[in-house]
Each structure stands twice: as C-alpha cells, then as structure tokens.
Amino acid sequence: MSKPKLHIAVTGLNAIDSPGPGIAVIRALKESLLFDARIIGLCYESLEPGIYMHELVDRTYKLPPPAAGKDALLKRLEQIHSEERIDVIIPNFDAELFSFIQLADQLKTAMNIHTFLPTTEQFEARHKVNLADYGKKHGILVPESKVIFTLHELYQAQDVFNYPFVVKGKFYDASIVYNREQATAAFHKISAKWGLPIILQEFISGEEVNVTAIGDGKGNTIGAVPMKKQYITDKGKAWAGISIDDNKLLDMTHTLIQSTKWRGGMELEIVKTEEDEYYLLEINPRFPAWVYLAVGCGQNHPEALVRLAMGEEVETWSAYAIGKLFIRYSYDMIVNLDEFEKICTLGKL
C-alpha cells in the first residue's frame, strides 16, 4: 500500500553554529514510514543553509520577519498555500510561535492547514519571565530570577544575586557573568538583539541535561527522550549529547505534561546538581535542534506531531535506546549564485 502524500511546511532552516530545529525536524519527517513528506521550507534570511539542501527541502519561501505581525504572516501564508496546498505547518522558532498560535484556528478553517501547537495560555505561562511562578505552581525547582528593564535595576540586583549569575534574553541568548563589567556588556548585547525585558537568573552549578518531549494536549506524554550534553559550544549549544537512563528526569517530564496538559513538542533545559536536585532553567515550546536524537533512539517525535495535527490517534512510546550519541558537524555546500539571487529577489526557490 502506498503511503499518503503530505505537504508539510517547516521553519527553522538556519543550520548554523546556533542551529534552528528545522533541518532535524525535516530529517525525521523524511524518514516516516507512515507518510511521504513533501517539504516546503519557510525561511527569514537568504543564507539559511536549509534553503539549499535540496535533498531535504523541496521548495522554500521567504516569510516576513516575526516583528511584522500576524496579519503579514497570514497574507504570506495564503500566497504560499495557493501554490503548495499545505497540509501541516511546523513552526520552530520561539519568536514566531505566538503569531502562529494566534492564527492556528484561522489557518484550519480558511485553508485546512493543520497545526499542533501549545495554547496561548501554555505558551505565556512557561515564558522565561514567568518561570519562577511556573515552578511554584507545578512543584518544580527553579533558580531565583528577576525581570529587569534598566541598567539601574541590573546594578540593584547585584545586592540579591551573587556572582556568577546568568543574563538572559526574552527569546534567546544567555551569558554567565562574573562581574559588573560583564553584566553590563551582556545587558547591552542581549537587549540590542532581542529587546527588553532582560532576565537575571541565579547560576546553578551542575550537569546540564535536556529532554525532548511531545504532549497530546490531554495530559499524556506521547514520547520523551532525555540526554546529557557532551560538548557545548561557546554559545551554550549542545554540539554532542548522549541519551541517558534517568527515571527522575522522565518522571519530572511526565508530571509537567500531565499538570499543564501540554500540547505539541517541547524541550526542558535542566541542571542536575551534585546533591541530585533538578533545577528547571527553561521550557522551550517547540522541538530542540537535537530532536533527531529521539529518532535515533526509536521515537520519531516530529512524525507523531504531524499525525496529531491531522487528528489521528497516536500511541505512546514506553521505551527508547539508551547510550545513543548525536554529534553535530558542519560542511561547506556549493551553491549556484542564481539560486541565491532567486530567494533574494523572488522570495522563493
């Protein structure tokens, strides 16, 4: 029996030193045994490497920047849909998610485009600026944090936070700072890139562990794979990691998904201390860039998300392979100039 053909649009094609999840998600979809995926890449910049990975991405279209708002996004998606007949969209950037969440019902009603995203309430509740309250509500250890808007507040916070502490952007970026000069530089750098507010967070020493997971929106965990970072770049990104056997970490994930009735993919960023305490640093409301490790461990989370988006019943995974490594690498692609010109001038390739 032939597999059904699905046209799936995916963002996050920036497979760079701080990669988006798009390419990992696409690789997982291409390996599905249940459907044949035609991939429509959605990009923001003309030099996102995924645009030119033709073995993975069948066609790419440019989107307006997230700052343009949901109306501009909807208009562009209508144009793309008229050419591609999109079945499912999987957005993979925090900064774009709010607009996609707001448009989800309209996309389904007007164009029959399916999504499977967190609710607005779920998205807002887990935001970095709300994480302290989130931890208290769900009984999870969270580092002390403070939301600030000015340098004056940063200097005042030095009476509360002992060095080192962490300076974070509202969407991305984080710097561990060890003195006033580093804290000031981090404030200026991150606020210039991502805007205000800035989050200051207590530094917790320990082992960095992460979980990629997917919830069905009813409190059930469809799948979850924990990993320990083996190599970390200067931007704090995992360049290598290994799947681990950690029941406490999995129990924490299951409890959180059950308590929040989480809908869609997620990543938990956690520090495990020497005292065997687990501190939640962040909840990312989408798949991580290393989600392909879950596929290698026997759980294809992006495939499950597409099936959930299409209204199918999806069985939960009860096991995964332990001791599987992912090791990221980079290589040079040779791209014809005319392809680059097309994506720049026409907005599609």
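The values are calculated or read from the model by the stated rules, or taken from the named source; none is laboratory data. Everything quoted here is computed from the prediction, not taken from an experiment. Here the Cβ is made from the backbone with ideal geometry for all residues, glycine too, and neighbour counts use every protein chain on show.
Miscellaneous remarks
- Total residues in segment 202-231, condition of a type outside the set (D, E, K, R) and closer than 25 Å to V129 by Cβ: 12
- Test: residue in segment 103-125 that is modelled with pLDDT under 90 and surrounded by fewer than 20 Cβ atoms within 10 Å (Cβ to Cβ): yes
- Check on V295, farther than 30 Å from A104 by Cα, aliphatic (A, V, I, L, M) and either buried (at least 19 other Cβ atoms within 10 Å of the Cβ) or touching a helix residue (DSSP H, G or I) at 6+ places or on another chain (Cβ under 7 Å) (or both): no
- Single residue of segment 182-195 satisfying the filter (over 24 Å from Y279 (Cα atoms) and either in contact with a strand residue (DSSP E or B) (Cβ under 8 Å, 6 or more places away or on another chain) or among the small types (G, A, S) (or both)) that is surrounded by the most Cβ atoms within 10 Å (Cβ to Cβ): S191
- Of all the residues in segment 3-37, those that are without any contact (Cβ under 8 Å) to a residue 40 or more places away in the chain and among the charged types (D, E, K, R) number 4.
- On the stretch given as segment 293-349, residues that are modelled with pLDDT of 95 or more, assigned to a loop (DSSP other than H, G, I, E, B) and closer than 19 Å to R27 by Cα total 7.
- Of all the residues in segment 48-75, those that are closer than 15 Å to K342 by Cβ, in a loop (DSSP other than H, G, I, E, B) and either under 21 Å from the mean Cα position of the chain (by Cα) or modelled with pLDDT under 95 (or both) number 2.
- D251 being in a loop (DSSP other than H, G, I, E, B), of a type in the set (D, E, K, R) and without any contact (Cβ under 8 Å) to a residue 40 or more places away in the chain: no
- Output for segment 36-45, where each listed residue is surrounded by fewer than 18 Cβ atoms within 10 Å (Cβ to Cβ) and either in a loop (DSSP other than H, G, I, E, B) or at positive phi (or both): E45
- Selection status of D245, part of a loop (DSSP other than H, G, I, E, B) and assigned by TED's automatic domain parsing to the domain that holds E275: yes
- Among the residues of this structure, W262 does not count as one that is in contact (Cβ under 8 Å) with a residue 12 or more places away in the chain, out of contact with any Asp or Glu (no Cβ under 9 Å at 6 or more places or on another chain) and crowded, with 16+ Cβ neighbours inside 10 Å.
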